[in-house]
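Data first, discussion second: the structure below is written as structure tokens.
The values are calculated or read from the model by the stated rules, or taken from the named source; none is laboratory data. Just so we're clear, the structure is a prediction, and the values are computed from it rather than from any experiment. For neighbour counting, all protein chains shown are included, and Cβ atoms are generated from backbone atoms with ideal geometry for every residue, glycine included. Remember, those area values only see protein heavy atoms, side chains included, never the ligands or the DNA or RNA. Shrake-Rupley method; radii C 1.70, N 1.55, O 1.52, S 1.80 Å.
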Amino acid sequence: DGEVIQTGFKLVRDVMLITDRRIITFDKQGATGQKMRVDSIYLGSIYHVTAETAGFGIDDSELQIDYIATPYLKAHGLQYGSKKYEFPKKYNIQVLYKMLQELAYRNYMHLNA
């Protein structure tokens, strides 16, 4: 309740929604794609983003997000996660990369303040 969807993407096989709080991924699994896994990455936990643009062949663009998976940032043993998203070749991921990289930088500065 109260969460606002900012944008969404149809990935190679999955769906990615970005809200004002988190990134939600709907990951289709299995041969038929009827089984689905839903996962969230909270925007405040993202600390690093990398992008790989599509080449001339059949390559897709990729965006990798590294985040802190521990629910409490003041925990003694932080756990980290990484999620890779594959975008169809037709998408220009540079705008999304820039937005997420700026967010990661703000989070990095906040965590190290």
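Determine the calculated [θ] at 222 nm for the chain from helices alone, applying -39500 (n - 2.57) to every DSSP H run no shorter than 4 residues and normalising by the residue count; nearest 500 deg cm²/dmol. Spell out each step's value before the answer.
Values: 1 runs with 18 residues, N = 113.
Result for the chain, helices only: -5500 deg cm²/dmol.
For the chain, lysine pairs with C-alpha atoms less than 23 angstrom apart, excluding pairs fewer than eight positions apart on the same chain, total 18. Between Y105 and V15, the modelled labels are 3.3 nm apart [label points 7 Å from Cα along Cα→Cβ].
Carbon and sulfur: what percent of the chain's accessible surface (1.4 Å probe)? List each step's numbers first, then the result.
On the way: 4100 of 7750 Å².
The nonpolar share, carbon plus sulfur, comes to 53 percent.
Filter the chymotrypsin sites (Phe, Trp or Tyr not before Pro) in segment 62-113 down to the DSSP loop ones having no more than 11 other Cβ atoms within 10 Å, then list what survives. Taking segment 62-113 and a limit of 11 other Cβ atoms within 10 Å, the loop chymotrypsin sites (Phe, Trp or Tyr not before Pro) found are Y72. Around the amide H of T70, modelled in the peptide plane, lie the amide H atoms of Q79, all under 5 Å away and 5 or more residues distant in sequence or on another chain. The Rg/Rh ratio of the chain, with both radii computed over alpha carbons and Rh defined as the Kirkwood radius, is 0.99. Stretched out straight at 0.36 nm per residue, the stretch from Y80 to N92 would grow longer than its current Cα-Cα span by 1.6 nm.
I'd like to check one number: the per residue accessible area of the chain, probe 1.4 Å, reported in Å² as a whole number.
Value returned for the chain: 69 Å² of accessible area per residue.
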